[in-house]
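Reviewing the structure listed below.
Read-outs throughout are calculated quantities, based only on the coordinates presented, and are distinct from any laboratory measurement. If you're wondering where the values come from, they're calculated on a predicted model, not measured in any experiment. Using ideal geometry, Cβ is built from the backbone for each residue, glycine included, and neighbour counts are taken over all protein chains shown.
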Amino acid sequence: MPAGPAFSEQTRAAAEALIAQYGEDAEVIATLRAAEFAALGDRKGLADWDDIIACVAVLQAGGTGGATLN
């Protein structure tokens, strides 16, 4: 079975922090934050938040986000 996408340490840390704080709502909160960057026309910020959203989805689905499990 192929591994899921590999995310940067920063992206993974942000996704884990959102999940720790918001639980099941983490993806919704990240989407709202991404929308703020989109409204400001900040393409880099939007891209970063899109990665965080994807990482949250992988982690909540039981994936490792590219991390190795021991």
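Net charge around residue 44, counting only other residues with Cβ within less than 12 Å of its Cβ (Lys, Arg = +1; Asp, Glu = -1)?
Working: positive: 43; negative: 42, 48, 50, 51.
Summing Lys and Arg as +1 and Asp and Glu as -1 gives -3.
I need the calculated FRET efficiency for the pair residue 38 and residue 16, taking r as the beta carbon distance and R₀ as 30 Å, to the nearest 0.05. Spell out each step's value before the answer.
Details: r = 23 Å, r/R0 = 0.78.
Between residue 38 and residue 16 the formula returns 0.80.
Residues with beta-carbon under 14 Å from that of residue 16, excluding residue 16: net charge, scoring Lys, Arg +1 and Asp, Glu -1?
Working: positive: 12; negative: 9, 27, 51.
Around residue 16, the charge tally is -2.
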